[in-house]
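Report on the following structure.
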Amino acid sequence: SFIMPGIKDSERKVFQRVSGFAGVLFIAGVLLGYKVTLPVAMKVMWGFTEKLGGEAIWNYQKFVGFTLQVLLGFGVAFQLPIVIILLGKLGLLSSRQLHEKRRHVIVGLFILSMLLTPPDVTTQVLMAVPLILLYEFCIWFLYFTEGKKKDTQPEEEPPAPKDTEGVEPPETKESTEE
């Protein structure tokens with residue numbers, strides 16, 4: 001309510017689209033974390049406990065903290081396309097740059113997954129794979145929108161001739177021979 005009165009109608013439409021898309025991505029990330037990753041992570045955690053021959057000491061607070069870490073980590077991580085597409089629309093990134101740095105970004109996504117999930121490889125991979133797919137989506141999205149932008153922009157006109165009034169023409173051989 002503070003920002004909306006000060007922005008233009010076109011900016012308001014873009015903001016509404018982006019915020020709607022961001023909300024959908026956040027919910028998709030939380031749902032993926034809840035339906036797929038959380039059950040697998042719980043099985044892995046219980047498996048570690050059984051293999052070590054110990055007893056699981058889970059209280060309500062630890063379980064809620066673990067669950068929130070997984071769900072919020074997925075929700076935040078799924079905001080990656082918003083950031084990439086906004087940077088692409090601002091002209092700071094291109095699909096070609098994203099394509100060239102793909103290997104480095106994949107390593108970075110695995111590191112991000114390691115930081116946002118509990119310390120087991122299974123949940124890290126379950127987060128990294130969708131993030132890699134979202135990154136690939138961003139590359140293709142920017143590729144196709146860059147193509148549209150190039151097609152709709154008119155070609156540059158040649159520069160207009162400079163004003164030569166008051167300037168003497170260069171001497172030619174004929175004028176020097178006289």
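The values are calculated or read from the model by the stated rules, or taken from the named source; none is laboratory data. On a predicted model such as this, the values are computed, not experimentally measured, just so you know. Here Cβ is always computed from backbone atoms with ideal geometry, including for glycine, and neighbour counts include all displayed protein chains. With ligands, DNA and RNA removed, areas are computed over all heavy atoms of the protein, side chains included. Shrake-Rupley method; radii C 1.70, N 1.55, O 1.52, S 1.80 Å.
If the viscosity is 1.567 mPa s and the temperature 4 °C, what Stokes-Einstein diffusion coefficient in µm²/s follows for region 34-116 when Rh is the Kirkwood radius over Cα pairs? Walk me through the intermediate numbers first.
Numbers: Rh = 15.5 Å.
Calculated translational D: 83 µm²/s.
Which of the pairs K43/K101; K13/K89; K13/K101 have their Cα atoms more than 25 Å apart in this structure?
Values: K43/K101 35 Å; K13/K89 15 Å; K13/K101 32 Å.
Those over the limit are K43/K101; K13/K101.
Any chance you could look up the accessible area of K43 with a 1.4 Å probe, heavy atoms only, rounded to 10 Å²?
Around 150 Å² of this residue is reachable by solvent.
What FRET efficiency comes out for M45 versus V18 if R0 is 25 angstrom and r is the Cβ-Cβ distance? Round to the nearest 0.05.
Values: r = 36 Å, r/R0 = 1.45.
That gives a FRET efficiency of 0.10.
If I model a spin label as a point 7 Å beyond the Cα along the Cα-Cβ vector, how far apart are those points for L92 and I57 in nm?
With each label placed 7 Å out from Cα toward Cβ, I get 4.6 nm.
Can you send over the carbon and sulfur percentage of the accessible area for region 73-120, probe radius 1.4 Å, protein chains only? Working shown, then result.
Numbers: 1960 of 2770 Å².
Solvent-exposed carbon and sulfur of region 73-120 make up 71 percent of the total.
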